[in-house]
Amino acid sequence: QPTEQLLLNTDSKGGGMVLGGSSMTYNTEAGPTKYLIGTEQGIVLGVNLKSKKQNNGITVYDSGPGKHHGPIYAIERNPTHNKFFMTVGDWTARIWFEDTKTPIMTTKYHSAYLTSGCWSPTRAGVFFVTRMDGVVDIWDYFYRQNEVAYSHKVGDQELSCIAVSNQAGRLVSVGDVKGTVSLLEVCESLAAPQANEKTAISNMFDRETKQEKNLEVRERDLKRAKAAEAEARNRESADKKDGKDEKMEELLRKVDADFLAMIKEAEDDESKQSEGAGLEAEEK
C-alpha cells in the first residue's frame, strides 16, 4: 500500500479540475518534500508535502498561454541550478523558475512532436530532447538559445526516452517504442564544462526571470486598471441613473402641484359662481 495519496486537483476546496499525471521529478537538493509533476493536460504542478494546509500543498503553474498544448512527457530540474526546471511536451521544451507561474524560456517549435528530454549532468546549459521522427536534438544555451546545437537521426522508430551518464556526460542512451536501446557518445565540447558556464547560465536564467516577473506585474497592473475603469463606468452610470430618477421625481411633483392648483382654481371658480347665484336670488 502507498504511504500517502494525493489528488491532483487545481483547487482542493471544490470547483477545480482533476488532472492526470504524466511525468514527475524529485530532487533532494531542491527540498525533501518537494515534487514537480507534469500532467496530461499540459499543466505543471508543484507539490510540497510540508504545506498541505494551502490547496493540499499543490501549486498550479500557468494554465493559460504558458502551458503545453499536450501531455508533458518529461520534467526535470537543472542539476546545477535546482530552482530552475525543464518540461518537454507538444513541440517545445520550456524552462521554468520555481517561484514564477509562467515559463521564462521556450525553445522554437520543432518540426516533430517531442517525446522526452533531460539535462546534461556535466554542463549547466545543455539539454537533450527526443522526437517522434527518431531524431535527438541537443540544445546548448551557453552557445545560443534560438537554434539546436546538434541533431542526430537515431532510427526510423519513434523515440520514447533518454538518459545521460552522470560520470562524464558523454554517453547517451535512447529508447524507442519498439524496445530498442541505442547508445550514443557525444563530442567532448557538449560534455566538458565550459569556462564561466555556470555563472553565465545563472545570469541568463536570472535575467529572464526578472523579465517574466516584470511582465507578470504589468499584467496584474493592467487587470487592476481595467477593473477600476469598469467600476468607475458602473458608478458613473449609476449616478446618471440616480440623476434621471431625481429629475423624474421633480417633474412628477411639479405635475402633482399643477394638478392640485387646477383643482383648487376650479373649486374657487365654482364657489364664486355659487355665491353670485345666491346674491342674485336674494335681490329678487
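At a glance:
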quantity: Simple label model, 7 Å out from Cα along Cβ direction - H81 to L183, nm; calculated: 3.4
quantity: Cα pair distances in region 157-197, grouped into 5 Å bins until the bin that holds the longest one, percent each; calculated: 6, 23, 24, 18, 14, 9, 4, 2, 0
quantity: Region 1-54 - convex hull of alpha carbons, volume per residue in Å³; calculated: 101
quantity: Contact order relative to length of the chain, as percent, for alpha carbon pairs under 8 angstrom and 6 or more apart; calculated: 9
quantity: Where Rh is the Kirkwood radius over Cα pairs, Rg/Rh for region 92-234; calculated: 1.13
quantity: Helix axis angle, 197-283 relative to the chain longest principal axis, alpha carbon, degrees; calculated: 10
quantity: Helical mean residue ellipticity (222 nm; -39500 (n - 2.57) per DSSP H run of 4+; nearest 500) of the chain; calculated: -11500 deg cm²/dmol
quantity: Whole-angstrom Cα spans of the chain along principal axes, big to small; calculated: 141, 47, 38
quantity: Region 88-172: relative contact order in percent, alpha carbon pairs under 8 Å with at least 6 residues between; calculated: 24
quantity: Contact order normalised by residue count of region 125-261, Cα under 8 Å, 6+ apart, percent; calculated: 14
quantity: Solvent-accessible area of M262 with every protein chain in place, 1.4 Å probe, in Å² to the nearest 10; calculated: 130
quantity: For region 66-140, Kirkwood radius (reciprocal of mean inverse C-alpha pair distance, Å); calculated: 12.3
quantity: Euclidean distance between Cα centres, region 29-55 to region 193-269, Å; calculated: 38
quantity: Count of lysine pairs in region 18-153 with Cα separation under 13 Å (8 or more residues apart, or interchain); calculated: 5
quantity: Cα-Cα separations in region 1-127 greater than 26 Å, expressed as whole percent; calculated: 18
quantity: Calculated FRET efficiency for the pair N214/Q167, C-beta based, R₀ 45 Å, to 0.05; calculated: 0.65
quantity: Peptides 106-118, 183-195 ordered by average Cβ neighbours within 10 Å, highest first; calculated: 106-118, 183-195
quantity: Unit charges on C-beta of K, R, D, E only; dipole of the chain, Debye; calculated: 2500
quantity: Protein accessible area in the chain, 1.4 Å probe - carbon and sulfur %; calculated: 50
quantity: Cα centre as origin, Lys/Arg/Asp/Glu Cβ charges: region 1-129 dipole, Debye; calculated: 220
quantity: Equivalent ellipsoid semi-axes, region 191-251, via Cα gyration tensor eigenvalues times 5, rooted, Å; calculated: 58, 5, 4
quantity: Segment N203-E4, length gained on full extension (0.36 nm per residue, minus Cα span); calculated: 67.8 nm
quantity: By average C-beta atoms within 10 angstrom, highest first, the peptides 44-53, 67-76, 143-152; calculated: 67-76, 44-53, 143-152
quantity: Whole-number accessible area per residue in Å² for the chain, which is evaluated in the context of all protein chains at 1.4 Å; calculated: 61
quantity: Simple Cβ-charge dipole of region 146-194, Lys/Arg +1 and Asp/Glu -1, about Cα centre, in debye nearest 20; calculated: 100
quantity: Within region 206-224, backbone nitrogen closer than 11 Å to the virtual label 7 Å beyond the Cα of E231 toward Cβ; calculated: 224
quantity: Cα gyration tensor category, rounded, prolate or oblate, for region 31-72 with a/c compared to 1.5; calculated: prolate
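The values are calculated or read from the model by the stated rules, or taken from the named source; none is laboratory data. Because the structure is predicted, anything quoted here is derived from the model rather than measured. Because the Cβ atoms are built from the backbone with ideal geometry, glycine has one as well, and the counts that use them run over all protein chains shown. These area figures cover heavy atoms from the full protein model, side chains too; ligands, DNA and RNA do not enter into them. Shrake-Rupley method; radii C 1.70, N 1.55, O 1.52, S 1.80 Å.
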